[in-house]
């Protein structure tokens, strides 16, 4: 048949080890290319090149520290304005969400460049214990959000919005 290729497929049918099947050439080629890219990505620990970073989705980098009295969550949110951040506790987790809006404009003689970057983020951090809802504190200073969650014996019911104050 034109445009097909015979491939081997291992089976244990009637003692035979291999069986030949006809498959369209394009399907075989696509399967091999997908396998090669997956092998490349997994075996070489492929990471995204630096020049692709501006095209990537914005991800808030976070640290979570747990001690005897409290849980402290620190999130790096460079370029995010205080009014674009929302923090709350719900369903046994801390939710941090917001939007990054960045505009750059350069005007020089014979040259003009305007760039706009928008992206939203959403992170939910499961809390390992109950927290004291009335004493949760959050501050935002120089692109870093810090949320302090005091541990408690009583669980926060429903959703508790947390006011973020400028640090």
Kindly list the number of the only condition in (1) at pLDDT below 85; (2) in contact with a helix residue (DSSP H, G or I) (Cβ under 9 Å, 6 or more places away or on another chain); (3) surrounded by 14 or more Cβ atoms within 10 Å (Cβ to Cβ) that fails for residue 133.
(2)
Restricting the search to the stretch 139-167, which residues are surrounded by 11 or more Cβ atoms within 10 Å (Cβ to Cβ), farther than 18 Å from residue 91 by Cβ and modelled with pLDDT of 85 or more?
139, 140, 141, 143, 144, 145, 146, 148, 150, 164
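Does residue 110 satisfy the criteria of being over 20 Å from the mean Cα position of the chain (by Cα) and either at pLDDT below 90 or within 21 Å of residue 150 (Cα to Cα) (or both)?
On the way: over 20 Å from the mean Cα position of the chain (by Cα): yes; either at pLDDT below 90 or within 21 Å of residue 150 (Cα to Cα) (or both): yes.
The answer is yes for residue 110.
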Would you be able to say whether some residue in the stretch 83-92 is at pLDDT 55 or above, loosely packed, with under 13 Cβ neighbours inside 10 Å and in the same structural domain as residue 147 (by TED's automatic domain parsing)?
yes
Taking the stretch 93-128 and keeping residues exposed (fewer than 15 other Cβ atoms within 10 Å of the Cβ) and not in a strand (DSSP E or B) leaves 109, 110, 128
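Scan the stretch 129-143 residue by residue and report those that are part of a strand (DSSP E or B) and touching a strand residue (DSSP E or B) at 6+ places or on another chain (Cβ under 6 Å).
Filtering the stretch 129-143 down to residues part of a strand (DSSP E or B) leaves 131, 137-141.
Once the filter is applied, which keeps residues that are part of a strand (DSSP E or B) and touching a strand residue (DSSP E or B) at 6+ places or on another chain (Cβ under 6 Å), the stretch 129-143 yields 131, 137, 138, 139, 140.
The values are calculated or read from the model by the stated rules, or taken from the named source; none is laboratory data. Computed from a predicted model, the values in this text were never measured in an experiment. Neighbour counts run over all protein chains shown; Cβ positions are idealised from the backbone, glycine included.
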